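Q: Have a look at the structure that comes next, please.
The values are calculated or read from the model by the stated rules, or taken from the named source; none is laboratory data. Note that this is a predicted model, so its numbers are computed, not measured. Because the Cβ atoms are built from the backbone with ideal geometry, glycine has one as well, and the counts that use them run over all protein chains shown.
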Amino acid sequence: MAFKIVSMSPLPPQFVEALFDPYKKEVGDLRVVSVAGLPRERVLEELRDADVVIGDYTFQMRIDAEMCAAMERVRLVQQPSTGYDHIDVEACARHGVPVANAGGANAVSVAEYTIMAALALLKRLLYAHRETVAGGWPQWRLMEMGTFDLQGKTWGIIGLGRIGREVAKRLRPFEVRTVYFDKVRMEDAERELGVEYRSLSRLLRESDVVSIHVPLTSETRGMIGEGELRMMKPTAVLINPSRGEIVDEEALARAVRERWIAGAAVDVYSREPPPPDHPLIRAAGEADVNLILTPHIAGANTDARSRIIQFSIENIVRVLKGGKPEAVVNMRL
Ligand SMILES: NC(=O)C1=CN([C@@H]2O[C@H](COP(=O)(O)OP(=O)(O)OC[C@H]3O[C@@H](n4cnc5c(N)ncnc54)[C@H](O)[C@@H]3O)[C@@H](O)[C@H]2O)C=CC1
Ligand SMILES: O=CC(=O)O
């Protein structure tokens, strides 16, 4: 009998099935069914006799409590990404369904994106490019607007997990002081990475660059609002490659337009893609606003994508062969 894999992602099922080709000798036959865009009743029906579920890499299709309850024989929900806030992992745990993420396969990618964004903001790269292409030569103006080196500055990391640590590691040659806020104080990491612990408000007041690397949870939703943005220095920049709902987007748009802070880079939005009247899209269209917006790509470049696919497929194969999955986020196995 063939294993049944239900894919929540919009990728064609034949494409997903082909990824298992090298493993078919080990696991036997398998069939992939895509439920993207199907009516809810059909999705629930397909989940009932599935062996494995692959979560949606575009994060559009949620896996809620009712879906977890329908997974009568599912051995693993494999999410092909780091974040899993679109899955009710606690409900899955209550029904005995393990949920795994990609085990940090794109942590380095997000760290590199974050450092790139900080340099581009501090040096106002987008403005310099736009003006030069338009025939301008804003050399002096850029210095007057405020363009800075990273060396000698303070970088505040919010969330010293996998990504936060990769950022801290890569910051060492830049000769910055690195501070962090996390719900857990990590003295080993402090020694190893040369970072210092701060309360959130102190980190915001001290830092020249603030980057956010916490997951979206009920505690982190709205963590950075108007009050927090107003604590930052007017010369500081904010980078959010984590999740849109962690930052009050309306307040951030005002912060960059009204110069409470010097700039921001945003990769993630409360609604993706953001509509044309989204406050950050509108702010980015204004002259001189130092705002970099990207389409949720920090952890989704070509290298990252192949590492994530490889990890996910191998994890699924491990489970189909009767082994224990890695990178489970909702229970101890
Ligand atoms: N834009 C993109 O393409 C990508 C975005 N991400 C986002 O980055 C997030 C972080 O990823 P990882 O570093 O792998 O996660 P992780 O789980 O390794 O680290 C998260 C850190 O945040 C801390 N934290 C959790 N709740 C907190 C709170 N209320 N206050 C302070 N600290 C808190 C944890 O203690 C932990 O140290 C993901 O959840 C995802 O949302 C991840 C990969 C790609
Ligand atoms: O947002 C991307 C992820 O891997 O999480």
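Q: Taking into account only those residues within the stretch 265-321 that are more than 19 Å from L119 (Cα to Cα), in contact (Cβ under 8 Å) with a residue 60 or more places away in the chain and small (G, A, S), which is surrounded by the fewest Cβ atoms within 10 Å (Cβ to Cβ)?
A: A300
Q: Scanning for something surrounded by 17 or more Cβ atoms within 10 Å (Cβ to Cβ), of a type in the set (D, E, K, R) and out of contact with any Pro (no Cβ under 6 Å at 6 or more places or on another chain), does the stretch 35-54 turn up at least one residue?
A: yes
Q: Name every residue in the stretch 52-76 that is within 19 Å of the chain's Cα centre (by Cα) and more than 12 Å from ligand 2 (Cβ to nearest atom), in order of residue number.
A: Within the stretch 52-76, I54, Q60, M61, R62, I63 meet the criteria.
Q: Also, I was wondering about something else. For the stretch 86-116, how many residues are in contact with an Asp or Glu (Cβ under 8 Å, 6 or more places away or on another chain), over 17 Å from P173 (Cα atoms) and of a type in the set (G, A, S)?
A: Matching residues across the stretch 86-116 total 5.
Q: Can you confirm whether E326 is surrounded by fewer than 16 Cβ atoms within 10 Å (Cβ to Cβ) and touching a residue at least 60 places away in the same chain (Cβ under 8 Å)?
A: Taking the combined requirement at face value, the residue satisfies it.
Q: Six or more apart or on different chains, Cβ under 7 Å: which pairs go from a residue in the stretch 215-242 that's under 20 Å from E258 (Cα atoms) to one that's in a helix (DSSP H, G or I) and within 16 Å of ligand 2 (Cβ to nearest atom)? Could you list them?
A: I224/I246; I239/T114; I239/A117; N240/I246
Q: Limited to the stretch 232-255, what total is found for residues that are away from ligand 2 (no atom under 16 Å from the Cβ) and either in a loop (DSSP other than H, G, I, E, B) or surrounded by 18 or more Cβ atoms within 10 Å (Cβ to Cβ) (or both)?
A: Here is the first cut: in the stretch 232-255, the ones away from ligand 2 (no atom under 16 Å from the Cβ) are 232-238, 248-255.
When the remaining residues are screened for being either in a loop (DSSP other than H, G, I, E, B) or surrounded by 18 or more Cβ atoms within 10 Å (Cβ to Cβ) (or both), the result is 232-238, 248-249, 251-253, 255.
The qualifying residues number 13.
Q: If M116 satisfies all but one of (1) in the same structural domain as F59 (by TED's automatic domain parsing); (2) surrounded by fewer than 24 Cβ atoms within 10 Å (Cβ to Cβ), what's the number of the condition it fails?
A: All conditions are met except number (1).
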